[in-house]
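One structure is given below, encoded as structure tokens.
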Amino acid sequence: MKQFFFQAALIVGAAAIVGYVLWKAGAAMFIYLRDRRDSRIAAEEAQRLRREREAADRERLANGCDHRFGETLGGFPPFACRRCGLEQTAPAGPCDHVWRLDTESAPGALCEKCGKRYKPIVSEQSKL
Ligand SMILES: [Zn+2]
Ligand SMILES: [Zn+2]
């Protein structure tokens, strides 16, 4: 009789351990699958937003200008079009700047819409 209780306790204990391990594994699996689904949804959302932004940028830049970016002559910002003054990507903030060379304090550029000034970064070496 004593041995029976001992065996029963052993079986219950083992079953409890197996059950616990299965429960833990199941919970880990659930969290893993949920995280994977969440990250997939986040990635899809990010991709959608990027596509929308790219489409908006294309529309923004479709003004008939044959844009030239990356020219810094006279202190012009390299991220803006030399010809029409638009930035390559929509700037953060309320003004979609239109850059013109700043004739008052060259080198530099001035936004003709909001008056913001752009100053090229002059390195210490080129000042000498
Ligand atoms: Zn342009
Ligand atoms: Zn501006």
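Where a number appears in this text, it was derived from the coordinates with a stated rule and is not lab data. Every value quoted in this text rests on a predicted model; they were computed, and no experiment measured them. Cβ sites come from the backbone with ideal geometry, for glycine too, and all protein chains shown count toward neighbours.
Please determine whether any residue of the range 34-47 is surrounded by 14 or more Cβ atoms within 10 Å (Cβ to Cβ), of a type in the set (K, R) and either within 16 Å of ligand 2 (Cβ to nearest atom) or outside any strand (DSSP E or B) (or both). There is no residue in the range 34-47 that is surrounded by 14 or more Cβ atoms within 10 Å (Cβ to Cβ), of a type in the set (K, R) and either within 16 Å of ligand 2 (Cβ to nearest atom) or outside any strand (DSSP E or B) (or both). Only one entry in R83, R58 is loosely packed, with under 10 Cβ neighbours inside 10 Å and on the phi < 0 side of the Ramachandran plot, namely R58. Residues that are in a helix (DSSP H, G or I) and among the small types (G, A, S) were ranked within the range 69-106; the one that is farthest from the chain's Cα centre (by Cα) is G74. Which residues, taken from the range 86-112, are surrounded by 13 or more Cβ atoms within 10 Å (Cβ to Cβ) and closer than 25 Å to R53 by Cβ? Answer for the range 86-112, where residues must be surrounded by 13 or more Cβ atoms within 10 Å (Cβ to Cβ) and closer than 25 Å to R53 by Cβ: L86, E87, Q88, T89, A90, P91, D96, H97, V98, W99, A109, C111.
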